[in-house]
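Peer 1: One structure, pasted below without further comment.
The values are calculated or read from the model by the stated rules, or taken from the named source; none is laboratory data. Just so it is clear, the structure is predicted and the values come from calculations on it, not from any experiment. Methodologically, a virtual Cβ is constructed for each residue, glycine included, from the backbone with ideal geometry; neighbour enumeration extends over all protein chains shown. These accessible areas exclude ligands, DNA and RNA; they are computed on the full protein's heavy atoms, side chains included. Shrake-Rupley method; radii C 1.70, N 1.55, O 1.52, S 1.80 Å.
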Amino acid sequence: MPAGRGCGQQAPPIAASEAHQAAEAAAAPATGPLDIKLPLLEAPTDPKGAEPFNPDAPDRRVGYALVGLGHLTLNEILPAFGKSKHARPVALVSGDADKMAKVAKQYGIKPSSCYSYQTYDKLKDNPEVEMIYIVLPNSMHHEFTLRGAKAGKHILCEKPMTNSVKECEEMIEACKKAGKKLTIAYRIQCEPLNRAAMKQVRAKTYGATKMLQMMNTQNQAHDQQWRHKKALAGGGSLPDVGLYCLNTTRFLLGEEPTEVSAQIYSTPGDDRFKEIEENVSFTLRFPSGAISQCMTGYGSFNNKSYTVYAETGSIKMDPAFPYHGLHQERIHAPDGQQVKETPNDPQKDQFALEMDHMAECVRQNKTPCTPGEEGLQDQRIMEAIYLSAKENRPVQLPAVAKLDAFRGAAPKDEA
Ligand code: NAD
């Protein structure tokens, strides 16, 4: 409101085009900081507090439909809306009506905005839903993306994108045809400490990166979960947790590997690994000469870490991939003495950052940081990893000259 005109005072008449601009401005999301100046509390010599949170008003946020109410949706994604600025949950899709009714009550979602897998297509008639977040077993991502795009909604799909290159291509095509955005949920690419590591690697703060060592292991429960069924999961540790090693290496370097070599081993007689692999060790070679040694497993104690070894220093993230409690250590020797730096973890909710980035891309019509093409490239490389292990030989990949060849707009830096 212009200075000098209070609430209730009549505005002077404005021309038609100005009226149109004013209406557009009113409809635009309030994504910037509030234009309100408060007096300083502390002297400029004291440490500055965090930036104000400044969320959008609820009716200006992008409405999300959550598909699948399992561990990730209930424990991480739905609570993350409380830390989101631009997104809100407005619909649910589940095969379990009782569970869905409880969740809907907790998050204030209308019963009329709750759908089964069969009535999912009716989302097209729900104008509150702009985005569908698919959080189902891997093999179902393909079908629900195709149906979601047909319903005229943008798609945020959990990783891994799906189980084959062909299905990835069909998902990209379906969203393109519908004129809708598709992004794959690689939360690490939004997370501040991992982004800081990426910037140091790209800026060659410690010279050229020579080697990376990546590890993502966990010991799976001995039950009949879908992650142990090849038809639903597509594979074992590789597409589930090994994917973090692959995708994060590509993200840190910005380059694409030109060769992979891999080995796979599963403990004989362990029922968990009848259909899917237990351990995968794979090596990625990059055009710059960098080599990334990656290990992933489903039968050993939890380790989710990496180290980047550059000419004059190293960057270690341990842990690197969990939802919370990440830690970074940089070691170098600027004056011949070894120095260890441990930057603060700003402790941002990775799911809120990811959902907000996608919401901003919708509002500002930008290609998201990790579009379908990013998931497709990982799927191509994973297929090469399986082939290498099967045939016990290195497998060549097509050279990609451009840096960040498959990525869109960078997410906003949230320190
Ligand atoms: P989950 O098993 O806890 O939940 C899966 C949901 O799908 C359940 O509600 C289940 O009822 C439903 N479902 C529908 N049809 C099913 C079927 N035929 N078989 C089994 N379940 C069926 O799994 P989750 O851990 O929530 O994982 C869901 C997706 O999210 C997966 O693609 C996974 O890779 C991904 N994920 C991503 C992250 C991340 O950090 N980005 C973390 C965990 C999981």
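Peer 1: Among bridges DSSP assigns within the chain, what percent are antiparallel (round to 5)?
Peer 2: On the way: 38 of 65 bridges.
Counting DSSP beta bridges with both partners in the chain, the antiparallel share is about 60 percent.
Peer 1: Report the Cα-based extents of the range 301-415 along its three principal axes, largest first, to the nearest Å.
Peer 2: 47, 43, 34
Peer 1: Show D413, D345, D35 ordered by accessible area, largest first, where the area counts protein heavy atoms only and the probe is 1.4 Å. Display every interim value, and only then the final one.
Peer 2: Numbers: D413 90, D345 35, D35 135 Å².
So the residues, ranked largest to smallest area, are D35, D413, D345.
Peer 1: Just to make sure I understand: if all protein chains stay in place, what is the order of T296, T267, T367 by accessible area at 1.4 Å, largest first?
Peer 2: On the way: T296 5, T267 60, T367 80 Å².
Largest accessible area first, the residues go T367, T267, T296.
Peer 1: Largest first, please: the extent of the C-alpha atoms of the chain along each principal axis, to the nearest Å.
Peer 2: 77, 63, 38
Peer 1: DSSP loop GluC sites (Glu not before Pro) in the range 217-325 with at most 13 other Cβ atoms within 10 Å of their Cβ, which ones? Walk me through the intermediate numbers first.
Peer 2: On the way: sites: E255, E259, E275, E277, E278, E311; in loops: E255, E275, E277, E278, E311.
Listed in order of number, the matching sites are E311.
Peer 1: Next question, about the same structure. Heavy-atom accessible area per residue, the chain, 1.4 Å probe: how many Å²?
Peer 2: Working: 20810 Å² over 415 residues.
Averaged over the residues of the chain, the accessible area is 50 Å².
Peer 1: So, one more: List the pairs from K85/K122; K105/K180; K229/K390; K99/K177; K159/K230 whose alpha-carbon separation is above 25 Å, in the order I gave them. List each step's numbers first, then the result.
Peer 2: Details: K85/K122 27 Å; K105/K180 30 Å; K229/K390 19 Å; K99/K177 34 Å; K159/K230 16 Å.
Pairs exceeding 25 Å: K85/K122; K105/K180; K99/K177.
Peer 1: To the nearest 10 square angstrom, what accessible area does L253 show with a 1.4 Å probe?
Peer 2: 20 Å²
Peer 1: Taking all protein chains in place and a 1.4 Å probe, what share, in percent, of the accessible surface of the chain do carbon and sulfur account for? Display every interim value, and only then the final one.
Peer 2: Values: 11180 of 20810 Å².
Ligands and nucleic acids excluded, carbon and sulfur reach 54 percent.
Peer 1: Now a separate question. Where a Cα-Cα gap under 20 Å defines reach, which aspartates and glutamates qualify for K412, not counting those fewer than 8 residues away within the same chain?
Peer 2: D35, E51, D56, E191, D345, D349, E354, D356, E360, E374, D404
Peer 1: Per DSSP H run of at least 4 residues, take -39500 (n - 2.57); add these up for the chain, divide by its residues and hand me the 222 nm value, nearest 500 deg cm²/dmol. List each step's numbers first, then the result.
Peer 2: On the way: 9 runs with 110 residues, N = 415.
Here the helix-only value at 222 nm equals -8500 deg cm²/dmol.
Peer 1: Show I172, I36 ordered by accessible area, largest first, where the area counts protein heavy atoms only and the probe is 1.4 Å.
Peer 2: Details: I172 25, I36 110 Å².
Heavy-atom accessible area, descending, gives I36, I172.
Peer 1: Could you rank the peptides 385-394, 226-235 by their average count of other C-beta atoms within 10 Å per residue, with the highest value first? Walk me through the numbers before you get to the answer.
Peer 2: Details: 385-394: 15.5, 226-235: 18.2.
Ranked by mean Cβ neighbours within 10 Å, highest first: 226-235, 385-394.
Peer 1: Ok, one more. Given the protein chains as shown and a 1.4 Å probe, how many square angstrom of D98 are accessible, to the nearest 10?
Peer 2: Here the residue's solvent-accessible area equals roughly 120 Å².
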